[in-house]
Amino acid sequence: AYAAQEQVSGKLTVAGSETMKPLIDAWVGDLSRRHPGMKITSTGAGSETGLEALLAHQTEIAAMSRRMTAAEISVFVKEYGYEPTEVPVANDALAIFVHKDNPITGLSLDELDAMFCRERRRGLSYVVDSWGLVGLLDEWFDAPIRLYGRNGKSGTSYLFREEVCKGGTFRPQLINAQGSASVVLDLVKDPQGIGFSAIGYRTSTVKPVPIASVKGGRYVEPNFQTAMDGSYPLRRNLYLYINRPPKLAPPGPILEYVKFALSQRGQKIVIDQGY
């Protein structure tokens, strides 16, 4: 349980993942009510923007929906002389969404690769650009597939490129949404569309597609259980990265924020927010 030993005051900035923004803000709101003297600012424009802010001494905590790479840690060490403190705070399922009226029952990672990725490194010899190529019939057979997702500095797009494209790049047909919620809003308007976003952004107007690791394999739905047990192929951890010199306790606001995020109350907020 979260127990504040004393009132904490001071300024704190949390920057980074747009996927994590609802969660970060929920923690900020609850913590600010308990510690009125804490002035917490949060921004969420993408995981890489949080890392950039951390390296530029513009934030105390970087929220990232992916793990820092070895190269990024190396840059941090050159700047500060020690490694960042990594704190996993939640699990998330990177969901593949379609319009609620789309009859697709499942897709494999190689089919997603042939839909979204330029290089098709998972081995399919053809581009999947119509719904008939993944088994849909009747009026869906010749219907074109329209792609929605995130690009640029998003940790979500980084994970998709690494896990689905095997380090490749997106096809130019991908419509780059402004944010995680925008992907879902675009799919509401486009019954023939498909896109990727965090499972926490699910609404009643779209549905997540069960995913198989290999063609012909078992389809697994993105939900609480499959994200926790690791059976869903596109699960991930969400992280806070902190600039903390070794053997030194972090300043009060940072310590309190992390302590709250990992407490029973903080983790209840994780579940309430759909992570």
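The values are calculated or read from the model by the stated rules, or taken from the named source; none is laboratory data. These numbers come from a predicted model, not from an experiment. Note: ideal-geometry Cβ built from the backbone for every residue, glycine included; neighbour counts use all protein chains shown. For accessibility, only protein heavy atoms count, side chains too; no ligands or nucleic acids. Shrake-Rupley method; radii C 1.70, N 1.55, O 1.52, S 1.80 Å.
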Can you tell me which of Leu94, Leu109 is over 30 Å from Phe260 (Cα atoms) and either surrounded by fewer than 20 Cβ atoms within 10 Å (Cβ to Cβ) or of a type in the set (A, V, I, L, M) (or both)?
-> Leu109
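Here is a list: Thr59, Thr69, Thr49, Thr41. Which entry is open to solvent by 40 Å² or more (accessible area, probe 1.4 Å), farther than 17 Å from Ser263 by Cβ and of a type in the set (Val, Ile, Thr)?
Thr41
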Go through (1) in a strand (DSSP E or B); (2) open to solvent by 20 Å² or more (accessible area, probe 1.4 Å); (3) hydrophobic (A, V, I, L, M, F, W, C) one by one and return the number of the condition Phe196 breaks.
-> (2)
Output for region 1-31, where each listed residue is closer than 23 Å to Ser182 by Cα and either surrounded by fewer than 18 Cβ atoms within 10 Å (Cβ to Cβ) or under 15 Å from the mean Cα position of the chain (by Cα) (or both) | Ala15, Gly16, Ser17, Glu18, Thr19, Met20, Lys21, Pro22, Leu23, Ile24, Asp25, Ala26
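Among the listed residues Glu72, Glu6, Glu52, which satisfies the condition of being in a loop (DSSP other than H, G, I, E, B) and either over 24 Å from Thr203 (Cβ atoms) or touching a Phe, Trp or Tyr at 6+ places or on another chain (Cβ under 8 Å) (or both)? Show your work before the answer.
Details: Glu72 fails: in a loop (DSSP other than H, G, I, E, B); Glu52 fails: in a loop (DSSP other than H, G, I, E, B).
Result: Glu6 is the single residue among Glu72, Glu6, Glu52 that is in a loop (DSSP other than H, G, I, E, B) and either over 24 Å from Thr203 (Cβ atoms) or touching a Phe, Trp or Tyr at 6+ places or on another chain (Cβ under 8 Å) (or both).
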Please enumerate the residues belonging to region 204-223 that are open to solvent by 60 Å² or more (accessible area, probe 1.4 Å), under 19 Å from the mean Cα position of the chain (by Cα) and without any contact (Cβ under 8 Å) to a residue 40 or more places away in the chain.
-> Glu221
Any hit, region 80-89, residues being open to solvent by 50 Å² or more (accessible area, probe 1.4 Å), assigned to a loop (DSSP other than H, G, I, E, B), of a type outside the set (Ser, Thr, Tyr) and touching a helix residue (DSSP H, G or I) at 6+ places or on another chain (Cβ under 9 Å) = yes
